[in-house]
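The values are calculated or read from the model by the stated rules, or taken from the named source; none is laboratory data. Please read all numbers here as calculations on a predicted model, not as lab measurements. Every residue, glycine among them, receives a Cβ derived from its backbone with ideal geometry; neighbour counts consider all protein chains shown. Accessible surface is based on the protein model in full, side chains and every heavy atom, while ligands, DNA and RNA are left aside. Shrake-Rupley method; radii C 1.70, N 1.55, O 1.52, S 1.80 Å.
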Amino acid sequence: GIENPAFETPCSGLGQRSHAGPARAGAGAADPAGCGPYPEEGPCGWGPCTPRALQLCNNSKGYLAAYSLLAVFQGIVVNGLINISISTIEKRYELNSSLTGLISASYDIAFCVLSLFVSYFGERGHKPRWLAFSAFMLGVGSLIYSLPHFTSGKYQYGGKIEDTCQTAETIFANATCSVSTNSSLHKYLYVFILGQLLLGVGGTPLYTLGTAFIDDSVPKHKASLYIGIGYAMSLLGPAIGYVLGGQLLKVYIDIQIPKRQDATYTKVDQDDPRWLGAWWIGFLACFFAIWLLIVPFSCFPRHLPGTAKIQAEKISETHDDGSQVLVQINNIGQSFKDFPMALLILLRNPVLMSLIIASSSEALVATGFATFLPKFIENQFGKSSSFSATLGGLVLIPAAALGQVISGILVSRRKMDCKSIIKFTIRTYSVALILNAVFLFAKCGNEPFAGVSETYNGTGTLHNLTAPCNANCRCLRSMYYPICGRDEVQYFSPCFAGCASYRFNDMKKTYHNCSCIGKPKRENGLEDFIHEAVPGKCPTQCKFLPLFLTFFFFAVVFTFMATTPTTVAILRCVPDKQRSFALGVQLVFLRLLGTIPGPILFGVAIDSSCTLWDINECETKGACWVYDNERMAYLLMGISAACKIITIIFAFMAVYFYKPPQLTKALPRKTSEKISAIH
């Protein structure tokens with residue numbers, strides 16, 4: 001019982017809501033309507049320790065603040081630091097991309113395995129304490145993910161590789177095909193997988209039980225606003241993670257660069273391909289920060305004060321097809337034996353399943369673009385990888401957050417019912433589909449590339465990097481270091497351009513004595529062509545980047561304007577006792593049909609547009625260096641448009657199937673009386 005009457009909130013005369021139960025001894029006086037608070041409503045604290053200062057946070061706003069902070073840190077680690085550190089981990093621990101792909105997928109695997117069980121059993125549990133457990137596991141996962149750095153010893157970066165044309169055979173004597181020496185570094189793969197699995201365990205309660213607790217604790221018309229704010233805050237995590245991780249990668253992996261006496265070793269800097277950054281610092285910092293959040297979640301009561309009144313005022317919008325499901329649901333969920341029946345009830349709900357498939361189709365596109373938008377910008381518009389990643393983040397993160405907040409405000413202020421919410425998502429999906437046409441007119445052709453799209457001044461053949469002018473240079477195809485010649489043609493590397501020397505002018509590297517580079521196409525004076533080539537890709541003549549970013553920004557806004565309303569509609573169309581479980585089912589399908597296959601499908605499409613592959617000395621195919629830009633644009637637009645059409649079809653199906661419950665005002669009272677009798 002609750003001794004402090006300040007935490008008792010009277011009901012509003014609509015009948016006692018489920019879970020209220022009869023007042024117990026010591027619970028305080030009931031209001032005239034005969035309704036008392038939830039038995040689990042109470043002060044914020046730990047047992048008898050309830051400091052007065054903590055009670056300022058014992059409300060929905062205090063919980064939303066804690067929820068948002070945990071979502072931010074989860075995003076920093078899972079979607080920020082891990083993504084930006086993958087390439088560094090590949091080099092440091094000698095892992096190929098397929099193995100690091102397994103590391104990335106481990107989070108989703110753990111989420112899929114546990115989501116149904118956590119959401120099913122946690123629905124009737126103490127949700128804030130489940131989120132304290134979530135913070136604990138996220139912290140442990142972050143700590144374990146950073147452990148390989150402390151147990152693998154100092155980084156040995158070896159000798160410097162020359163990138164110019166070297167005719168002496170001794171320079172590249174080590175460039176022959178040979179099996180790499182055995183190393184134990186690749187065994188750390190299992191540590192990274194373990195860390196990701198624990199992060200998946202920690203992330204599961206956050207977006208199932210944590211979201212459902214928000215819906216429990218706020219009035220129905222405010223739920224979309226609160227959930228939208230929480231989801232928008234979760235999108236800040238990846239942005240912070242990318243910025244933080246990018247800055248940490250500028251710090252040497254072992255903090256202090258070692259001083260070597262051997263002349264064959266040269267000091268590394270950030271432009272050196274042997275440079276590795278301090279990827280591990282962010283994970284260690286997040287471990288301490290996330291564990292601090294265990295404190296606020298552990299002190300929240302089972303239900304926030306005022307929950308009884310809020311629940312009593314809500315009118316059920318559960319989908320009712322005329323069957324006895326709404327009666328059956330009151331008698332299940334008390335044990336694991338009811339799990340199959342509870343799952344079957346949700347799978348038989350056509351409105352829920354239509355919304356789940358619609359959101360999964362959108363998730364496929366969203367995760368695909370989140371993974372490959374920087375690569376698309378880099379190849380289409382000739383920008384550097386770091387600048388492309390920054391642009392991609394500046395478009396995706398603010399646009400997604402803005403869409404979440406706008407839709408939450410609109411649904412909240414207009415007080416939309418379940419069917420109106422679904423119709424609202426159809427409008428946003430349709431606008432996003434129209435904006436998807438930006439790929440048709442904001443695409444760019446490929447710039448001239450020697451050995452790929454044109455020959456070396458009439459010598460050599462297409463799709464062959466080797467020509468008579470560089471045949472004696474012993475160049476490596478595994479060393480992609482593009483340069484732009486004075487003839488406005490891009491070359492694979494200084495070596496393939498036949499450049500024999502380089503020097504620095506005003507801290508800028510320039511290449512000289514290049515046997516493959518022709519005369520300049522535009523004569524602007526001799527002083528402009530003191531050098532023959534400069535590092536980097538040739539400036540693109542395509543000017544569509546601002547147009548593309550503008551249209552794509554609004555496409556992302558309208559895409560994510562459907563995310564919060566879809567979550568609210570899912571919470572509305574299922575019985576109250578199955579809300580967390582419904583979110584768990586949605587997140588399983590979201591990963592199986594969306595976030596897991598999305599990057600794979602986009603990756604296959606992008607690889608199919610490749611025109612120049614990395615082939616090492618052992619004739620093993622590696623990464624793609626050059627793409628057919630038009631083919632890439634058409635493929636990505638086709639996948640995106642097809643998925644959005646599927647989304648719209650299933651959203652229409654949800655509207656068609658949805659039937660509001662009969663006698664909605666009487667339903668809460670009957671449900672309450674049934675549960676009170678059980679109590």
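What the table shows:
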quantity	calculated
Residue list for the range 58-91, filter: out of contact with any Leu (no Cβ under 8 Å at 6 or more places or on another chain) and either among the polar types (S, T, N, Q) or not assigned by the TED database to the domain that holds G241 (or both)	S68, N79, N83, S87
Residue within the range 355-363 that is open to solvent by 30 Å² or more (accessible area, probe 1.4 Å), more than 30 Å from P539 (Cβ to Cβ) and out of contact with any strand residue (DSSP E or B) (no Cβ under 7 Å at 6 or more places or on another chain) present	yes
So L394, is it closer than 17 Å to G230 by Cβ and open to solvent by 30 Å² or more (accessible area, probe 1.4 Å)	no
Residue pairs meeting the criteria (Cβ under 7 Å; at least 6 apart or on separate chains; first touching a residue at least 12 places away in the same chain (Cβ under 8 Å) and of a type in the set (F, W, Y), in the range 414-425; second open to solvent by 20 Å² or more (accessible area, probe 1.4 Å) and part of a loop (DSSP other than H, G, I, E, B))	F424/M416
Test: residue in the range 560-582 that is aliphatic (A, V, I, L, M) and either within 19 Å of the chain's Cα centre (by Cα) or not assigned by the TED database to the domain that holds A401 (or both)	yes
Positions within the range 438-494 being among the hydroxyl-bearing types (S, T, Y) and farther than 29 Å from I639 by Cβ, in sequence order	T455, Y456, T459, T461, T466, S478, Y481, Y491, S493
T371 being assigned to a helix (DSSP H, G or I) and farther than 20 Å from K443 by Cα	no
Which numbered condition I229 misses (of (1) closer than 14 Å to N79 by Cα; (2) open to solvent by 30 Å² or more (accessible area, probe 1.4 Å))	(1)
Every residue from the range 228-281 that is modelled with pLDDT under 80, under 24 Å from Y67 (Cα atoms) and β-branched (V, I, T)	V243
Residue in the range 607-618 that is buried (at least 17 other Cβ atoms within 10 Å of the Cβ), part of a helix (DSSP H, G or I), small (G, A, S) and not assigned by the TED database to the domain that holds G203 present	no
Subset of the range 594-606 [under 17 Å from S640 (Cβ atoms) and either open to solvent by 20 Å² or more (accessible area, probe 1.4 Å) or not assigned by the TED database to the domain that holds A642 (or both)]	T595, P597, P599, I600, L601, V604
Unique residue being within 17 Å of Y226 (Cβ to Cβ) and of a type outside the set (S, T, Y) when the list is L547, L583	L583
Complete set of residues in the range 104-147 that are among the basic types (K, R) and not in a helix (DSSP H, G or I)	R124
Candidates A471, A432, A437, filtered to the one that is assigned by the TED database to the domain that holds I645, of a type in the set (A, V, I, L, M) and open to solvent by 10 Å² or more (accessible area, probe 1.4 Å)	A437
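Yes/no matrix, rows are residues, columns are (1) outside any helix (DSSP H, G or I); (2) at pLDDT below 80; (3) in the same structural domain as Q586 (by the TED database):
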| site | (1), (2), (3) |
| --- | --- |
| H149 | no, no, no |
| E169 | yes, yes, no |
| S180 | yes, yes, no |
| V201 | no, no, no |
| H221 | no, yes, no |
| S224 | no, yes, no |
